[in-house]
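Trainee: Sharing a structure with you now.
Please treat every number below as a calculation from the coordinates, not as lab data. In this text the structure is predicted, and so the values were computed from the model without any measurement. Using ideal geometry, Cβ is built from the backbone for each residue, glycine included, and neighbour counts are taken over all protein chains shown.
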Amino acid sequence: MSAADATHLDEAQIHEARADLAFMRALVEPDDRWLKQFGETYSAAGLCYCVQMLLHAGQFIGLTPADGIGGLAIGLGPTVVFLGLLVWIIRRNRMVGGNTTARAVGSVFGAVGLTNLALVLIIGSVAWRMHSLTIWLIYPCAVMVLQGMAWLVAFMLRRRGWMAVVGLGWFVTGLGMALFIDNMAGFVATAGAGMFLFMLLPGLWMLRRAQPGQRGVA
């Protein structure tokens, strides 16, 4: 190898090392801008699905309709409302930048969303063919576990203890729902508690931390 080739190789290695260092620095830099949009999205989802759990609880005591148009609205309405809010939040924040962490966390939760769609088709088709509500109820349990996985990835990127707590909380929620899979009242109560503790509250907390004057915890 000539001296020129060795010099070129050294420069390439130095450039690669600098790029790796810049990436690692971007992962750990305290930039709270990503918390605002993510907090808005997560708290909106938490609010919609907490309301849905309350409406499901109302079905058990006869306060809300369990069948017909009313029952269908309770089953699908919160998701429709959340999707509308999601589009509004994205459009309102489309000019807000974010660091590498924001893009990494967003990618993880985006992948979880696509995985949820696949699970709907897989578990839903089997439940429909087997005419089994129990099989279908495995789907929301799996969604909780996927939420936990996404939060643990965020924790590994940021090393923030509260993210690990949220992730483990989702795992506990999924397990609790599975234990109550033959008891709809317990199933709904466990899901509602998980939505409140590990979706709505973290979303509101992120919004608070993203306010001016708050220390970065991203």
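Trainee: Of the residues in segment 62-93, how many are of a type in the set (G, A, S) and touching a helix residue (DSSP H, G or I) at 6+ places or on another chain (Cβ under 7 Å)?
Mentor: 1
Trainee: Of the residues L121, L114, which single one is surrounded by fewer than 19 Cβ atoms within 10 Å (Cβ to Cβ) and either within 13 Å of the chain's Cα centre (by Cα) or under 13 Å from M199 (Cα atoms) (or both)?
Mentor: Of the residues listed, the single one that is surrounded by fewer than 19 Cβ atoms within 10 Å (Cβ to Cβ) and either within 13 Å of the chain's Cα centre (by Cα) or under 13 Å from M199 (Cα atoms) (or both) is L114.
Residue-wise test of (1) assigned to a loop (DSSP other than H, G, I, E, B); (2) among the hydrophobic types (A, V, I, L, M, F, W, C).
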| residue | (1), (2) |
| --- | --- |
| Q59 | no, no |
| G62 | yes, no |
| P65 | yes, no |
| G71 | no, no |
| I74 | no, yes |
| V80 | no, yes |
| L83 | no, yes |
| L86 | no, yes |
| I90 | no, yes |
